[in-house]
Ligand code: GCO
Ligand code: MG
C-alpha cells in the first residue's frame, strides 16, 4: 500500500490547527496533528517543503521505518518543529493501519488495559469564590480530577489564563490561549514571592470546600528556581496534590534533583520535551512521577510509546499534555496510547469549542470523568474539509511575562 497524496491543512475554527492528511493507493486516508501553538506555520513549511515530497510513493505499512527515515534521514534531529512534523506522519500512518485492519489503534497497540482514562480539566478564578464556582462547574461537567490555577494578589491577570472568543461550554475557561488573535503577544506580569505566599492558602481553601478525595493538580509553568520549587512542593504537601507540574524551567534536568530531595509532592514534567533524550536523566534518576509529553510534540505514537515504556521501568506514569492547542487528532492519538499502555496515569482534557468539533468529527466518549477513544477503525477522527475551509489561519501568539522592574520572565 503506497502513499499517493499528502496534504497539509491549516484551519482556525476556535484556534489554529495543522493537520496532515495522507491518502493511499487503496483509498485509505489517515490524519496526523502537527499543531505547534504560536509557531504553526514553521511546521507547515517543514512538512510541505521537506517531508511531503519524501512521502509520495512510500509504503504506508512501514511505520517504524518511516519514523527512522524522517528522524535520522534529516541529519538535524529533535526540536519541536521537526518532532511535530514527524508526529503527524506517524499518527496518520497508525490511523491508516487501523483502518486497513478494521481496528481502533489501541487494539494494534496491545488492546485496552483499562475501561477508560481518568482526565483532568482546568478550574481557575481570580478570587477564591470564582475559583470555587469554576471547580463546581467542572464537577458538573463530569470531571473527577481538577487542576487549580488562581489569581495572585497584585498581578493583573489570572496566572496563565487569557480570555478567548472560542465557542466553548459555559464556565469552561481556556488557559494559555492567545487573548487577541491576529495581534502581537500579550504582556503579562509576574511576582514569584507573592505567588509562593498565596498558593498554599488557595489549596487549603479548596481542600476545606471539596474534601480530601478529589485529585487536585497545579501547574507552576516553568516559573520557579529549584529552591522556590522545593519550598512550594513542601508547602503543598498537606493538600495531597496529584502533581505539581513544570515547577522549574524543564531544560535544566539537574534542578529536579534539588526539588525532589525536599518534597514528596509528585512532580510532572515534559510538555515542551520532544524526545526520549530530554527525559533520560529525569527518568533514570526517578526525578519525576509523570511524563507530560503530547503525542503531537514527541514524534507521534511510535516515539512516545518508547518514552512511556522506558518510564514504566521506574514506576513513572503518563500524564499526556492535552490543552486545546492539541487538535482532536492529537487528542485521539493520546487516548489510544493511554488506553493501551500499562503505566497510564491521567490525561489532560480541556474540551474543544463547538466550531472545532464541527471541523473534526470524533468518536471519543466522555462518561463519568473517563475518556475513551471509541471503537471506530483507526484514530476515530475525520476532518470535514468544507468546514475546515471556512476558517483560515489567524496569526496568534502565546503571552509573555515581565517582572515589576521590566525583566522578561518565563511564562
Ligand atoms: C498545560 C499547559 C498549556 C500550555 C500550552 C502552550 O496545559 O499544562 O501548560 O496550557 O501553556 O499548551 O501552548
Ligand atoms: Mg502545563
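Per-structure values
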quantity	calculated
Helix 63-73 axis, angle to the chain major axis (alpha carbon atoms, nearest 10°)	80 degrees
Modelled label reach - residue 4, point 7 Å along Cα→Cβ, segment 12-39 residues with backbone N closer than 12 Å	23-29
Theoretical gain in end-to-end length, residue 128 to residue 400 [0.36 nm per residue, Cα-Cα removed]	95.4 nm
Cβ-based exposure ranking for 76, 94, 366, in which fewest neighbours within 10 Å come first	76, 366, 94
Inter-label distance for residue 240 and residue 227, nm, one decimal - labels placed 7 Å from Cα along Cα-to-Cβ	3.2 nm
Isotropic mean projected area of the C-alpha convex hull, the chain (nm²)	18.3 nm²
Simple label model, 7 Å out from Cα along Cβ direction - residue 368 to residue 281, nm	4.4 nm
Gain upon complete extension [residue 50, residue 264; 0.36 nm per residue less C-alpha separation]	72.5 nm
Mean Cβ neighbour count within 10 Å, used as a protection proxy, ranking 57-67, 112-122 highest first	112-122, 57-67
Förster radius 45 Å - calculated FRET efficiency between residue 407 and residue 213 (Cβ-Cβ, nearest 0.05)	0.65
Relative packing of 242-252, 190-200, 293-303, which averages over residues the other C-beta atoms within 10 Å, highest first	293-303, 242-252, 190-200
Choice from 205, 84, 340 with maximal GNM fluctuation in the chain (Cα, 10 Å cutoff)	205
Between segment 233-268 and segment 68-143, the alpha-carbon center distance in angstrom	23 Å
Rounded tilt (10° steps) of 80-101 against the dominant C-alpha axis of the chain	60 degrees
Percentage relative contact order, the chain, counting C-alpha pairs under 8 Å, at least six apart	23 percent
Length released on extending from residue 254 to residue 64, taking residue separation times 0.36 nm less the Cα-Cα span	65.2 nm
Among 207-214, 4-11, 304-311, the order from most to least packed when residues are scored by Cβ within 10 Å on average	304-311, 4-11, 207-214
Gap separating the Cα centres of segment 300-335 and segment 208-226, nearest whole Å	21 Å
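Values in this text are rule-based calculations from the coordinates and carry no lab data. What you see is a predicted model; the values in this text were computed from it and never measured. Please note: Cβ atoms are built from the backbone with ideal geometry, for glycine as well, and neighbour counts cover all protein chains shown.
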